[in-house]
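Take a look at the structure set out below.
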Amino acid sequence: MSTDDLIYNLICPDCRGKILPISEDRIICTRCRRRFSIGSSVINMLPIAVQKNYEDDAWKVLPYEGIDKPAWMALLHKRDRVLDFSERILPNFGFAGKILEVGAGTSWASALIKKRFPKSFVVATDISTGALEKGIAVAKLLDSSADYRIACDAECLPFADEYFDIILSNAAIHHFHDPLRGIREIWRVLKNGGRSCALGEVAAGELFKRILTSRIGPAGKRAGSLGVEEKVFSLKTWTKFFQSCGFTDIEAHFDKTWKRKLYDWFVALYYRVVSTFPNVLLGNFLPCNVDIYAVKSKRTGHTAA
Ligand SMILES: [Zn+2]
């Protein structure tokens, strides 16, 4: 797939102006004249306002994925998610065409998609340039790589409308400052008929949401120690987010596979118990990991304000 095609479908993260190449490794915004370098392995298209951001700061000091930690350690730390993605998602979801991963981190999922579907065109994005840079070594380990790595804000994607066929996120949207705004951006850059695949979100009812995000809850503790966003919504709210952006065919799949959550014995034990419960108790009451699939239907228009 032509790589020039992507360059002509980038837009300025600051003023949304059209972007054109001015040399082999430079592009320029035709409106605000900001220049971007496309020569390096991570293209920095962060809005000026978030050039320095708390997510990037947090990545640098993560205990297993931080800047000074080896790539194998970053991958080993995510082994449950990597194996889950390889065994449960990749064989069952046909990744084809132009694929965007938002909140890709070290972009291991993008690398695995490219490995299994070599004809696809894969763009990995994250707000942390540090995470994407670490992804270069992770890609070497996996012997596969995304076609492009672009640092950008998922709530202000630097891509033209209706460019991608599939947009993937892996435990990412609950880290967004404004998840609805992020989902609206996913809708905008998807083609008509394109699919969104939001994996690894957490859905819980109000009571458990309060516990999880409290100072003693796991999400609250992570948010407190790393200074990142850790949001929890009920399945009803998640569904409403996607509906209000114009998505249809919204399907939620609970992920109750406790054997892939052994990174934390308490979490594994919780899912061992939850796996015996009926789905009706999950998502709007008890917390459960959920994968949300949705289609940008040709039939509907954008209904969000
Ligand atoms: Zn501009």
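List of remarks:
- Residue within the stretch 158-170 that is closer than 19 Å to D57 by Cα and touching a residue at least 12 places away in the same chain (Cβ under 8 Å) present: no
- Scope the stretch 36-54; condition part of a helix (DSSP H, G or I) and surrounded by 13 or more Cβ atoms within 10 Å (Cβ to Cβ); matching residues: V50, Y54
- Qualifying residue in the stretch 191-201 (condition: touching a strand residue (DSSP E or B) at 6+ places or on another chain (Cβ under 8 Å), of a type in the set (D, E), surrounded by fewer than 20 Cβ atoms within 10 Å (Cβ to Cβ) and within 23 Å of R88 (Cβ to Cβ)): no
- Filtered residues of the stretch 162-193 (kept if touching a Lys or Arg at 6+ places or on another chain (Cβ under 9 Å), among the small types (G, A, S) and over 20 Å from D255 (Cβ atoms)): G193
- Odd one out for R16 among (1) within 16 Å of the ligand (Cβ to nearest atom); (2) touching a residue at least 60 places away in the same chain (Cβ under 8 Å): (2)
- Only listed residue being more than 17 Å from the chain's Cα centre (by Cα) and part of a helix (DSSP H, G or I), chosen from D68, D57: D57
- When the stretch 30-75 is filtered for residues that are within 16 Å of the ligand (Cβ to nearest atom), free of Cβ contacts under 8 Å to residues at least 24 places away in the same chain and touching an Asp or Glu at 6+ places or on another chain (Cβ under 7 Å), the ones remaining, listed by number, are C32, R34, S37.
- Among (1) touching a helix residue (DSSP H, G or I) at 6+ places or on another chain (Cβ under 9 Å); (2) exposed (fewer than 12 other Cβ atoms within 10 Å of the Cβ), the one test that R33 misses: (1)
- For the stretch 83-91, the criterion of a residue being away from the ligand (no atom under 15 Å from the Cβ), at negative phi, in a loop (DSSP other than H, G, I, E, B) and modelled with pLDDT of 90 or more is satisfied by at least one position.
- Residue check for S214: free of Cβ contacts under 8 Å to residues at least 24 places away in the same chain, hydroxyl-bearing (S, T, Y) and within 26 Å of M73 (Cα to Cα): no
Each row is one residue, and each column tells you yes or no for (1) more than 23 Å from K78 (Cα to Cα); (2) more than 23 Å from the chain's Cα centre (by Cα); (3) crowded, with 16+ Cβ neighbours inside 10 Å.
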position	(1), (2), (3)
W238	yes, no, yes
F247	yes, no, yes
D264	no, no, no
G283	yes, no, yes
N289	no, no, yes
A294	yes, no, yes
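- For the stretch 234-255, the condition of being basic (K, R), assigned by TED's automatic domain parsing to the domain that holds K78 and at pLDDT below 85 holds for none of the residues.
- Any hit, the stretch 71-85, residues being within 22 Å of F164 (Cα to Cα) and in the same structural domain as D165 (by TED's automatic domain parsing): yes
The values are calculated or read from the model by the stated rules, or taken from the named source; none is laboratory data. It should be emphasised that the depicted structure is a prediction, and the values quoted were computed from it without experimental measurement. Virtual Cβ from ideal backbone geometry, glycine too; neighbours counted across all protein chains shown.
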